[in-house]
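S.K.: Would you mind keeping the following structure in view while I ask a few things?
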Amino acid sequence: MSASKSRKATASEESLLRIFTVPEAPESTLSKIEQALSEDLEGFLSQSIVALEKPLHQVERDFRAFEIPDDPKFVSDYTEEMMQTLIAHSVHTAAPSFIGHMTSALPYFVLPLSKMMVGLNQNLVKIETSKAFTPLERQVLGMMHHLIYGERENFYQRWMHSANHSLGAFCSGGTVANITALWIARNRLLKADGDFAGVTEDGLLAGLRHYGWQDLAILVSERGHYSLGKAADLLGIGRKNIVAVATDANNRVDVTAMRETAQTLQQQGVRVMAIVGVAGTTETGNVDPLNELAELARELQCHFHVDAAWGGASLMSTKYRQLMAGIEHADSVTIDAHKQLYVPMGAGMVIFKDPELARAIVHHAEYILRRGSKDLGSQTLEGSRPGMAMLVHACLQIIGRQGYEILINNSLEKAHYFAELIKQHPDFELISEPELCLLTYRYVPQKVQQALNDAVQQQQWQKVAQINTLLDELTQTVQKAQREQGKSFVSRTRLQPAYYQRQSITVLRVVLANPLTTEQILKDVLSEQIAIAESKSHLLNQLAKLC
Ligand SMILES: *Cc1c(COP(=O)(O)O)cnc(C)c1O
């Protein structure tokens, strides 16, 4: 920043042309950042923080200017400023002790490849601006299709690059993938028929009238992702028509309850448009009984979508892929590459079992997306889209199926190890067993656990609630303090375990996807939580009084 005192940038046509052509001088801050990114990535990233030492409202002060600056700035001055204000206060999501969310470390090669992708600036909406990127994206979708459905060679030869078909849609993430799947389900259900031109032309109201339905509904587990609510809202179906069905003690949807719900709805004249199975819930990582859901969808003659945004990558593991058994019956499957496939954010996919499916959402335009063209934009919700598929392609080729097998198996086994640590420790309570690499737990001193269990046995639900309320406060305090200390990070959520008669409790949530997380780090995370909890004597005393 000192430089800006001695020299001042000026806007001129010449200097502007230079920013499109001439790279930075090797001694500039930007060049140093680039060098650090390629030579000492870990060092560079660790300038960002796990801690939130500086409160957000103070960080906001650095971003309070609202006028676009009149005067230009030197790139070096700008990047130096950003080192202080932005990078130093970003979250170190790649840290091996950052085990609270689905965001993990990235393989180093995606960095230079991302730069190349941005440089090429291809737009996947149409062939005219993407050429080879379009077949590459179709290939990635084909590979993911094969991973799920395992069709034969001639299937892919026939459909993968076919102009009027697609094996999936590449998009920015699981949210858009889920919206796309339900959009297709809606359009296929309310298809043109007689004088009704289809929901796409005539709208939802006309569709319901034509088919004689009171309403539409989508059935999903109470653990379904909130993006389904957004989809229902956007598609004009309404959030309240996403019907949340209860889960069993293992957080898997109760299919009997779902069947009953469907029957009740049908009696009321409500048409079930789709069933959504979750393969890896966001909060507990459990997988719904997909085979049974597929059976129910057949009975109801409705679309069967599987939301495997996070869990879908487990299909890469021959050892554990049977956890997803039944996924091959889904009409559509959401998988996020930016979760367990180790691709940077902005890489979601929805895969279609039937290559004809996407025709339900086809839109054409005259200047692009002409009929019969191979433009991907005619069958996607999003318009202009970057060449992110290249980074998925890179990871699939470079890590390979066997590489993912190792990564996925290790994550799962690390979660099992962590669950054992928690179970064996007298002062922790495991709330949800890891089915995939996600688990929830909380700190509960041994004596309190005994009192709690006794109260449960004697069905003293009021006492259970009293203890749980204090434990909620303790869990929240521990989670916040740990985040503020900045050495490690776990997240928290609220669950309604069957064991506590569905009382809502606060739990710590851990996702073990970072390959660099060691067993020692997991032990340290628990030690840190114990130390924080033990320092909260007022809460512990209150709990002791209830024992
Ligand atoms: C993450 C997730 C989503 C949403 O994906 P985004 O990429 O955040 O849009 C949807 N469903 C499940 C089960 C998820 O885990």
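The values are calculated or read from the model by the stated rules, or taken from the named source; none is laboratory data. Just so it is clear, the model here is predicted, and its values are computed rather than measured. When we count neighbours, we look across all protein chains shown, and the Cβ atoms used for this are built from the backbone with ideal geometry, even at glycine.
S.K.: Output the residue which, of all residues in the range 261-283 that are at pLDDT 95 or above and in a loop (DSSP other than H, G, I, E, B), is farthest from the ligand (Cβ to nearest atom).
M.R.: GLY269
S.K.: For the range 331-338, check the following and say yes or no: at least one residue is away from the ligand (no atom under 11 Å from the Cβ), in a helix (DSSP H, G or I), crowded, with 24+ Cβ neighbours inside 10 Å and among the hydroxyl-bearing types (Ser, Thr, Tyr).
M.R.: no
S.K.: Right, another one. Any chance you could count how many residues in the range 157-178 are more than 16 Å from the ligand (Cβ to nearest atom) and either assigned to a loop (DSSP other than H, G, I, E, B) or within 13 Å of the chain's Cα centre (by Cα) (or both)?
M.R.: 8
S.K.: Further question: Which condition number does ILE505 fail, the rest of (1) under 24 Å from the mean Cα position of the chain (by Cα); (2) crowded, with 17+ Cβ neighbours inside 10 Å; (3) closer than 26 Å to ALA95 by Cβ; (4) modelled with pLDDT of 95 or more being met?
M.R.: Failed condition: (3).
S.K.: List the helices (runs of 4 or more DSSP H) that sit entirely inside the range 183-245 and contain at least 3 residues that are away from the ligand (no atom under 16 Å from the Cβ) and either surrounded by 15 or more Cβ atoms within 10 Å (Cβ to Cβ) or not assigned by TED's automatic domain parsing to the domain that holds LEU495 (or both).
M.R.: Here the list reads 199-202, 204-211.
S.K.: Is there a residue in the range 476-484 that is at pLDDT 95 or above, assigned by TED's automatic domain parsing to the domain that holds PRO515, in a strand (DSSP E or B) and touching a Lys or Arg at 6+ places or on another chain (Cβ under 6 Å)?
M.R.: no
S.K.: Looking only at the range 395-418, count how many residues are of a type outside the set (Lys, Arg) and surrounded by fewer than 19 Cβ atoms within 10 Å (Cβ to Cβ).
M.R.: 13
S.K.: Of all residues in the range 441-482, which are crowded, with 18+ Cβ neighbours inside 10 Å, touching a Pro at 6+ places or on another chain (Cβ under 9 Å) and either under 18 Å from ALA249 (Cα atoms) or without any contact (Cβ under 8 Å) to a residue 24 or more places away in the chain (or both)?
M.R.: Across the range 441-482, there are no qualifying residues.
S.K.: Of all strands (runs of 3 or more DSSP E) completely enclosed by the range 348-463, which ones contain at least 3 residues that are touching a Gly at 6+ places or on another chain (Cβ under 6 Å) and modelled with pLDDT of 95 or more?
M.R.: 348-352
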